[in-house]
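Q: Below is one structure. I have some questions about it.
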């Protein structure tokens, strides 16, 4: 796992004019840790709803990564007074069905882009996307994503701005909670050049790298990373 920048992590696959999309679209407050502020906001929320405590279920896969994630989140979230978190680690198909049915309080989801472009992530959270399990909705966000895929699709500058602004809308409204970016280190012989890496499709279909431009020369060694995204989606309906 590597440090994460929401929603599209810095995997060096989306650049324009020498600038990384992850840097351009970042909202630092969206994933910053501030327990003191969290406790203040939590107390305010409890007062507004007239509650003294809240119990929530945290849904995730029953894999080692899923269990480690829920255990860590449980340990952190329960630092808020009066919050009880019950972990539910279930087989993938069961977790997926419950996610699709909206049968959860909090769910940990993961996505690996089908192709190296921010829109593969951003399109997930439009109002009518079937993967938007938390049912977060924003007309402004929908319009920006629609423009990036439609009227601005052939204008690189406008499309880039649409995607940057869309991510900022999503994160300023905290439609999801980014957690971490998975990575796979790959050590490559310093004489090999021209391998182009791709983000692997979540279902395992599709090439991880392309060798069309492969050549063997004397260059400095380097490590490449394969990246994905894990998030928490709260059910908002």
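The values are calculated or read from the model by the stated rules, or taken from the named source; none is laboratory data. As the structure is a computational prediction, the values presented were derived from the model and not from experiment. Don't worry about glycine lacking a Cβ; one is built from the backbone with ideal geometry, like all the others, and counts go over all protein chains shown.
Q: Spot the failing condition for residue 152; the list is (1) in contact with a helix residue (DSSP H, G or I) (Cβ under 7 Å, 6 or more places away or on another chain); (2) within 27 Å of residue 69 (Cβ to Cβ), and only one is missed.
A: (2)
For (1) surrounded by 11 or more Cβ atoms within 10 Å (Cβ to Cβ); (2) assigned to a helix (DSSP H, G or I); (3) touching a strand residue (DSSP E or B) at 6+ places or on another chain (Cβ under 7 Å), each residue gets a yes or a no:
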{"residue": "22", "(1), (2), (3)": "yes, yes, no"}
{"residue": "26", "(1), (2), (3)": "yes, no, no"}
{"residue": "32", "(1), (2), (3)": "no, no, no"}
{"residue": "39", "(1), (2), (3)": "yes, yes, no"}
{"residue": "45", "(1), (2), (3)": "yes, yes, no"}
{"residue": "58", "(1), (2), (3)": "yes, no, yes"}
{"residue": "65", "(1), (2), (3)": "yes, yes, no"}
{"residue": "68", "(1), (2), (3)": "yes, yes, no"}
{"residue": "74", "(1), (2), (3)": "yes, yes, yes"}
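Q: Take residues that are surrounded by 14 or more Cβ atoms within 10 Å (Cβ to Cβ) and under 19 Å from the mean Cα position of the chain (by Cα) and tell me which of the strands (runs of 3 or more DSSP E) falling wholly in segment 103-195 contain 3 or more. Reasoning before the result, please.
A: On the way: elements: 106-111, 177-180, 183-188.
So the answer is 106-111, 177-180.
Q: Among (1) surrounded by 11 or more Cβ atoms within 10 Å (Cβ to Cβ); (2) at pLDDT below 95; (3) more than 22 Å from residue 173 (Cβ to Cβ); (4) out of contact with any strand residue (DSSP E or B) (no Cβ under 9 Å at 6 or more places or on another chain), which single condition is residue 81 missing?
A: It fails just one condition, (2).
Q: Further question: Kindly establish whether residue 5 is at pLDDT below 90 and under 29 Å from residue 159 (Cβ atoms). Before the answer, list the steps.
A: Values: at pLDDT below 90: yes; under 29 Å from residue 159 (Cβ atoms): yes.
For residue 5, the condition - at pLDDT below 90 and under 29 Å from residue 159 (Cβ atoms) - is met.
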